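Scroll down for the structure; my scribbles are underneath it.
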Amino acid sequence: MPTWKEAVLVLGVSLAFFVVAFIGSVVFVYALPSHVRGWANFLGLLATVLAAIQYIPQIFMTWRLQETGSLSIPMMCIQTPGSFVFAASLYARLGPGGWSAWGLFIFRGILLGFLLVMGLSFVLRDRKSQKSQQLDDASG
């Protein structure tokens, strides 16, 4: 289980990322406007890496435990297709040049989809097992 020290460390890293992204964005917008697209692409790639850091350990933990734990299946049923719809809307506005923005949501949708499929399979497995157990108890 994560400790409070790890939580404080994650908070510190998150705040540091916010400050660097904010200051970097101000510098690029006002001092180096010709490099704004490169900065935006860098931030999009960094956001994709952070999404991987968020979801991949959760995928492995869910697989290892073979249960959904505190994951919300209804939330994932909404967010998974929502990621793809949002990516499509970004693509429609930004086109191929906005790949670092809409690509993040496609990647996130794929990772959420893995979690959703695993979660649904575990829930269905558990319901089938419970139903089988109830039939055994009723006949025995």
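Couple of notes before you dig in:
- Looking only at residues in segment 77-116 that are of a type in the set (V, I, T) and open to solvent by 30 Å² or more (accessible area, probe 1.4 Å), the one that is farthest from G44 (Cα to Cα) is I78.
- Cβ pairs under 7 Å, 6+ apart, first in segment 65-80 and closer than 25 Å to L104 by Cβ, second open to solvent by 60 Å² or more (accessible area, probe 1.4 Å) and in a helix (DSSP H, G or I): I73/L120
- In segment 20-54, the residue that is surrounded by the fewest Cβ atoms within 10 Å (Cβ to Cβ) out of those that are of a type in the set (A, V, I, L, M) and closer than 30 Å to L65 by Cβ is I53.
- The listed residues are S83, S70, and the only one of them that is in a loop (DSSP other than H, G, I, E, B) and among the small types (G, A, S) turns out to be S70.
- The lone exception for F17 - which of (1) out of contact with any helix residue (DSSP H, G or I) (no Cβ under 7 Å at 6 or more places or on another chain); (2) surrounded by 11 or more Cβ atoms within 10 Å (Cβ to Cβ); (3) not in a helix (DSSP H, G or I) it fails: (3)
The values are calculated or read from the model by the stated rules, or taken from the named source; none is laboratory data. What you see is a predicted model; the values in this text were computed from it and never measured. Glycine also receives a Cβ, built like all others from the backbone with ideal geometry; neighbour counts cover every protein chain displayed. Ligands, DNA and RNA are stripped out before the accessible areas are found, and what is left, the full protein with its side chains, is counted by its heavy atoms. Shrake-Rupley method; radii C 1.70, N 1.55, O 1.52, S 1.80 Å.
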